[in-house]
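The values are calculated or read from the model by the stated rules, or taken from the named source; none is laboratory data. Just so you know, these numbers come straight off a predicted model, no measurement behind them. Here the Cβ positions follow ideal geometry from the backbone for every residue, glycine too, while neighbour counts run over all protein chains shown. Keep in mind that these areas ignore ligands, DNA and RNA; they rest on the heavy atoms of the full protein, side chains included. Shrake-Rupley method; radii C 1.70, N 1.55, O 1.52, S 1.80 Å.
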Amino acid sequence: MVRRTKQDALTTRHELLDAAERLFSERGVSNTSMMQVAEAAGVTRGAIYHHFENKLDLIYAMMERVSLPVDEMREELRKEHANAPLHQLRQRCLHIVNLVQNDPHMRALVNILCHKCEYVEDTLPIHLRHLRGRNECIDEFVNLLEDAKRVGSVRSNVDARTAIVGIFALIDGLFYNWLLDTDYFDLTEAAERTLDIYLAGLVTNQVN
């Protein structure tokens, strides 16, 4: 009997995640079974359940797989631009946009959450986790915008939460429409231009 190494197990896990990404993107979450994911990855039913309890577990693992570079970017911006909160906010938005356009795992995840995940009873936990992550990110951005008001780079009469909800609506709207037809416009270019127009309405005389 051949013993499987940790590297073998890690490879199988990534292959299962890749297969789930493809099938969820093509068929939707509700229309894809765990067995179909296993077959697409070339593994047994026992192998997939060894790594993932169910489809929710697969989605959560997809989220975790793309979270590390985002977390690293956020910490780097905090260290290098501690006194420029509006710059941090802008760069965080554009970094996510760039990942969606250029990183296949991030693109697949956003496409699944936007277009391929029916929020019915079985997948409600995915919806709730998505909302929790979004709300936490909104809170972080509100704090950055409040900091920008304190250092004078954003007008004092700007309601930070309303402004941030608007930014999220802008970026989410770009994601949704770009994923419908990725050849219709350049996502990064459109995001940079529209975000700068939006932020120009918030600033005083100089952007931090």
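Structure notes:
- Alpha carbon Rg of segment 92-163, scaled by the compact-globule rule 2.2 N^0.38 Å: 1.42
- Cα-projected label distance for D103 with R74, points at 7 Å along beta-carbon direction, nm: 1.2
- Area accessible to solvent at E192, 1.4 Å probe radius, in Å²: 80
- Of all accessible heavy-atom area on segment 79-161, the percent that carbon and sulfur account for (1.4 Å): 48
- Using only side-chain charges placed at the Cβ, +1 for Lys and Arg and -1 for Asp and Glu, the dipole size of segment 1-153 relative to its Cα centre rounds to 120 debye.
- Given their separation in residues at 0.36 nm each and the Cα-Cα distance between them, S67 and R161 gain 31.5 nm when the chain is fully extended.
- Using C-alpha pairs below 8 Å separated by at least 6 residues, the relative contact order for segment 92-208 is 34 percent.
- Entry note, segment 9-153: relative contact order of 31 percent, from Cα contacts under 8 Å with a spacing of 6+ residues.
- Diagonalising the gyration tensor over the Cα atoms of segment 107-208 and scaling each eigenvalue by 5 before taking the square root yields semi-axes of 29, 19, 8 Å, largest first.
- Top of L144, L128, L89 by mean-square fluctuation, Gaussian network on the chain, Cα under 10 Å: L128
- Label positions at D186 and S33, each projected 7 Å from the Cα along the C-beta direction, are separated by 4.6 nm.
- Mean accessible surface per residue for segment 37-91, computed with a 1.4 Å probe while every protein chain stays in place, in Å²: 54
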